[in-house]
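Student: A single structure is presented below for examination.
The values are calculated or read from the model by the stated rules, or taken from the named source; none is laboratory data. Remember, it's a predicted structure, so these values are computed and weren't measured experimentally. Note that each Cβ is placed from the backbone with ideal geometry, even for glycine, and that neighbours are counted across all protein chains shown.
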Ligand code: TXD
């Protein structure tokens, strides 16, 4: 019998993304899972349902649902998706403040019960919330990382594969910058089995793919009418959890705290990160064109504006 350590993953927020992330983590046999939410009964119900899928899907993960943070005790990885959607009459700033307060409450509990965990933030606005979590947790920056680039680059991979009618597994992409309109997809680092897409597609088609990637979240929101995408976001968060738990040293685009890289400091933004058991074990500085670097810096400026608003509201 294996004497290997069983890992523990806490998913805080058991809504669409949180529950799907728990499902993917269970299917990937990453460890036992605790699903937490403020809504009573809902995380317990979803957890029981997911546990009962185990015998059919062939996984052994125990999935526990709870409203009590004590249950996340000793978690190795914490995935935070908790937050409020924007309600009618609520400004972007109101939402920012509300979600920062929720993040503060959660981070206090993570600090108490899972002080050695690596924390993956999913809640929007992603890069600002990741910075807020970093401040509120007081963890070293290596152990606080945001999920966005994995999703944005998965979207771009899917679009390239759809365009070329090729396997998605053959496509590699890199999308940097903030999660939103200012993201920076990098066609020069997009390949199909090693072949740069600039050799396979016209500039017009590449531009269309880049634009569709930038608007990827909005395209799904407008189809769903209520709520936003959750399968691919959850798969991306679970992918990051896997890289950490299995110490894979995967090079993935993630939101990380910069400390001079790309000419940026004290801001969380999407960059290529080596993800392993130490969390963000390194940040790769790619050779960017002047336009790409400018776009990345403008994207960071937008994140800074959000951080400054929180500082002005004393919410950081
Ligand atoms: O790329 C990315 N980073 C993203 C981000 C991709 C997709 C979704 N993205 C954002 O994730 C989205 O804009 C939201 O901010 C979060 C979660 O999205 P989801 O679609 O899962 O939202 P839901 O279904 O509304 O779930 C949020 C849950 C809900 O069950 C609330 O009851 C819960 O969060 N919630 C809390 N849980 C614990 N503690 C507190 N305080 C709390 N407040 C709300």
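Student: Of (1) modelled with pLDDT under 95; (2) surrounded by 18 or more Cβ atoms within 10 Å (Cβ to Cβ); (3) more than 9 Å from the ligand (Cβ to nearest atom), residue 124 satisfies all except one. Which?
Tutor: Answer for residue 124: the failing condition is (3).
Student: Turning to a different aspect of this structure: Filtering segment 106-117 down to residues that are assigned to a loop (DSSP other than H, G, I, E, B) and surrounded by fewer than 21 Cβ atoms within 10 Å (Cβ to Cβ), which residue is farthest from the ligand (Cβ to nearest atom)? Explain how you work it out, then say what you get.
Tutor: Residues of segment 106-117 that are assigned to a loop (DSSP other than H, G, I, E, B), as a first pass: 114-117.
Narrowing further to those that are surrounded by fewer than 21 Cβ atoms within 10 Å (Cβ to Cβ): 115-116.
Values: 115: 19, 116: 21 Å.
Once the filter is applied, the top-ranked residue is 116.
Student: Which of the helices (runs of 4 or more DSSP H) found entirely inside segment 151-252 contain at least 1 residues meeting this: within 16 Å of the ligand (Cβ to nearest atom) and within 30 Å of residue 6 (Cα to Cα)?
Tutor: Here the list reads 231-245.
Residues are listed down the side, and each one gets a yes or a no for (1) crowded, with 21+ Cβ neighbours inside 10 Å; (2) farther than 23 Å from residue 305 by Cα:
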position	(1), (2)
54	no, yes
104	no, no
133	yes, no
146	yes, no
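Student: Residue 63 fails exactly one of the following numbered conditions: (1) crowded, with 24+ Cβ neighbours inside 10 Å; (2) closer than 20 Å to residue 307 by Cβ; (3) away from the ligand (no atom under 15 Å from the Cβ). What is the number of that condition?
Tutor: (2)
Student: With 275, 252, 316 as the choices, which residue is in contact with a helix residue (DSSP H, G or I) (Cβ under 7 Å, 6 or more places away or on another chain) and at pLDDT below 95?
Tutor: After applying the criteria, what remains is 316.
Student: Determine whether segment 81-95 contains at least one residue that is closer than 25 Å to residue 112 by Cβ, at pLDDT 95 or above, in the same structural domain as residue 136 (by TED's automatic domain parsing) and touching a strand residue (DSSP E or B) at 6+ places or on another chain (Cβ under 8 Å).
Tutor: Yes: segment 81-95 contains one or more residues that are closer than 25 Å to residue 112 by Cβ, at pLDDT 95 or above, in the same structural domain as residue 136 (by TED's automatic domain parsing) and touching a strand residue (DSSP E or B) at 6+ places or on another chain (Cβ under 8 Å).
Student: Give the residue that is surrounded by the fewest Cβ atoms within 10 Å (Cβ to Cβ), with candidates limited to residues of segment 72-102 that are free of Cβ contacts under 8 Å to residues at least 40 places away in the same chain and closer than 28 Å to residue 279 by Cβ.
Tutor: Looking at the filtered set, the residue picked out is 84.
Student: Out of the residues in segment 1-20 meeting the condition of being more than 16 Å from the ligand (Cβ to nearest atom) and modelled with pLDDT of 95 or more, tell me which one is surrounded by the most Cβ atoms within 10 Å (Cβ to Cβ).
Tutor: Among residues in segment 1-20 that are more than 16 Å from the ligand (Cβ to nearest atom) and modelled with pLDDT of 95 or more, the one surrounded by the most Cβ atoms within 10 Å (Cβ to Cβ) is 8.
Student: Right, something else. Out of 304, 246, report the one residue that is farther than 30 Å from residue 32 by Cα and surrounded by 14 or more Cβ atoms within 10 Å (Cβ to Cβ).
Tutor: Step by step, each of 304, 246 is checked, and only 304 is farther than 30 Å from residue 32 by Cα and surrounded by 14 or more Cβ atoms within 10 Å (Cβ to Cβ).
Student: When you scan segment 71-95, how many residues do you find that are part of a helix (DSSP H, G or I) and either closer than 18 Å to residue 18 by Cβ or within 11 Å of the ligand (Cβ to nearest atom) (or both)?
Tutor: Final tally of qualifying residues: 3.
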